[in-house]
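For reference, the structure discussed in these notes is given below.
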Amino acid sequence: MLHKHGVEVNVLATVNRESCKHPLQIYRFFRKANVRFLQFLPIVERETDPKYQELGIRLAVPPSIQVETHTAKTSWSVEPHQFGQFLIRIYDEWIRCDVGEIFVMNFEWCLGAWAGARPGMCHVSARCGNNLIMEQR
């Protein structure tokens, strides 16, 4: 519907432990849907201490303000190697078929890092917390 009315679409897709097993199906879905700007973010969430779980708090706060001692990852969190393999499989398809047609921000960030540019995303930065985020409710 958005394409029909000339609205440009930029998709941010999150990748968890299960979805990382299907990189080409996910990439091809977006390509078939005529999405030209993509980015993939890994889902990594931590469980909280049992005392917070009793209060109904299931997930831990970010490490920069962490006051909890238990930081086990949740069962749905993607592991670094899994996320890397997910991106490699997509890269191999993208480089063969879609360079200049589809823009995958993860690859743009890598190129920028190689060229010495500061990362624009928290998860590829040495330290998180330098980006401004605004949301409308």
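If you take the square roots of the eigenvalues of the alpha-carbon gyration tensor of the stretch 76-118 and sort them as a ≥ b ≥ c, do you get rounded (a/c under 1.5), prolate (a/b over b/c) or oblate? Don't skip to the answer; put the middle values down first.
Numbers: a/c = 2.45, a/b = 1.18, b/c = 2.08.
Oblate is the answer for the stretch 76-118, as a/c is 1.5 or above yet b/c matches or exceeds a/b.
Could you state how much accessible area W76 has, in square angstrom rounded to the nearest 10, with a 1.4 Å probe and all protein chains kept in place?
Answer for W76: close to 90 Å² accessible.
Provide R36, R96, R118 ordered by accessible surface of protein heavy atoms (probe 1.4 Å), highest first. Kindly include the intermediate steps, with their values, before the conclusion.
Values: R36 75, R96 165, R118 190 Å².
I get R118, R96, R36, largest accessible area first.
Once the whole set of protein chains is in place, how much accessible area is left on L41, using a 1.4 Å probe, in Å² to the nearest 10?
The accessible area of L41 comes to roughly 30 Å².
The values are calculated or read from the model by the stated rules, or taken from the named source; none is laboratory data. Note that the coordinates shown come from a computational prediction; the quantities given were computed from them, not determined experimentally. Remember, those area values only see protein heavy atoms, side chains included, never the ligands or the DNA or RNA. Shrake-Rupley method; radii C 1.70, N 1.55, O 1.52, S 1.80 Å.
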